[in-house]
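The block underneath contains the structure these notes are about, expressed in structure tokens.
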């Protein structure tokens, strides 16, 4: 498997391209469709075109033979578009599954004129269009499953990230711990439950003998430090975990609590019971992680969501 390189495929194998650029939650939700595409093309060569941030995760997945990284060329960089067109054309893809279905991936379809491959997606002129005018009102999982059915793939499993694992022994965590994911997109603060309430949950967990473990990227370090300052029994892992680490921690955790953010998709896909918090900023009917042990709590304003209502969903009795 390679990231970005061009290799010669084995003779007789069809060349398949899957496009999935992001964001993290969407990438996780696309792993079920990726598994279905691999099952449908068991002997063909499958290339994934994705964002650089997902390179390590993509290369660990068992669904792809090659991983190409999308550098987001646009009309302001015509030479980059030309290089991408040449790369796509030379690869000789026979079919493309566009799981991004965005203006960007539609542009890539038009770059391949006039020798376009079979194309599953919504680009005008696609050979296998997702011809449902209500597609934008469907949950991502249902939408992609229907898109693949229209392309001849009948069965799409749930996302399984059993192949994505990190070695979390270095964190030396106790047996019983609760994952807290207080972060979210910096430009969408309304998607975050107040950080002080995560600290209250951490305090409640610690009093019940469950260690709170705070996850997040570098942007959440201040929140992690604040919770640790309030609840010394907590463990602050903000800025210290890879995607694989988050999956591994999800497998071991008693439960997870977090905002509508990408790491919660990783955690749910690991099989961890979870409580996910939603505001008016996003619709769980369209984007929520799905699993047999997932509780969705939604308030128009997350400041209206009480600690008591959240605590009632957690196994801290």
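The values are calculated or read from the model by the stated rules, or taken from the named source; none is laboratory data. No experiment lies behind these values; they were computed from the predicted model shown. All Cβ positions, even for glycine, are placed from backbone atoms using ideal geometry, and neighbour counts span all protein chains on display.
See the values below:
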{"read-out": "Those residues of the stretch 212-257 which are touching a helix residue (DSSP H, G or I) at 6+ places or on another chain (Cβ under 7 Å) and under 15 Å from residue 200 (Cβ atoms), in sequence order", "value": "212, 214, 223, 226, 227, 230, 231, 233, 234, 257"}
{"read-out": "Selected residue (criterion: surrounded by the fewest Cβ atoms within 10 Å (Cβ to Cβ)) from residues of the stretch 178-198 that are in a helix (DSSP H, G or I) and in contact with a strand residue (DSSP E or B) (Cβ under 9 Å, 6 or more places away or on another chain)", "value": "191"}
{"read-out": "Which numbered condition residue 245 fails, given (1) assigned to a helix (DSSP H, G or I); (2) touching a strand residue (DSSP E or B) at 6+ places or on another chain (Cβ under 9 Å)", "value": "(2)"}
{"read-out": "Test: residue 228 is part of a helix (DSSP H, G or I), without any contact (Cβ under 8 Å) to a residue 40 or more places away in the chain, touching a strand residue (DSSP E or B) at 6+ places or on another chain (Cβ under 6 Å) and over 25 Å from residue 54 (Cβ atoms)", "value": "yes"}
{"read-out": "Residue satisfying all of: in the stretch 212-223; part of a helix (DSSP H, G or I) and in contact (Cβ under 8 Å) with a residue 24 or more places away in the chain; farthest from residue 274 (Cα to Cα) among these", "value": "219"}
{"read-out": "The one condition in (1) in contact (Cβ under 8 Å) with a residue 60 or more places away in the chain; (2) in a helix (DSSP H, G or I); (3) touching a strand residue (DSSP E or B) at 6+ places or on another chain (Cβ under 7 Å) that residue 204 fails to fulfil", "value": "(3)"}
{"read-out": "Meets criteria (surrounded by fewer than 20 Cβ atoms within 10 Å (Cβ to Cβ) and either more than 24 Å from the chain's Cα centre (by Cα) or in contact (Cβ under 8 Å) with a residue 40 or more places away in the chain (or both)) for residue 241", "value": "no"}
{"read-out": "Residue 209 being in a loop (DSSP other than H, G, I, E, B), on the phi > 0 side of the Ramachandran plot, touching a helix residue (DSSP H, G or I) at 6+ places or on another chain (Cβ under 9 Å) and assigned by TED's automatic domain parsing to the domain that holds residue 304", "value": "no"}
{"read-out": "Residues satisfying the stated conditions in the stretch 31-74, i.e. touching a helix residue (DSSP H, G or I) at 6+ places or on another chain (Cβ under 6 Å) and at pLDDT below 95", "value": "73"}
{"read-out": "Any hit, the stretch 286-308, residues being within 20 Å of residue 214 (Cβ to Cβ), assigned by TED's automatic domain parsing to the domain that holds residue 184 and under 14 Å from the mean Cα position of the chain (by Cα)", "value": "yes"}
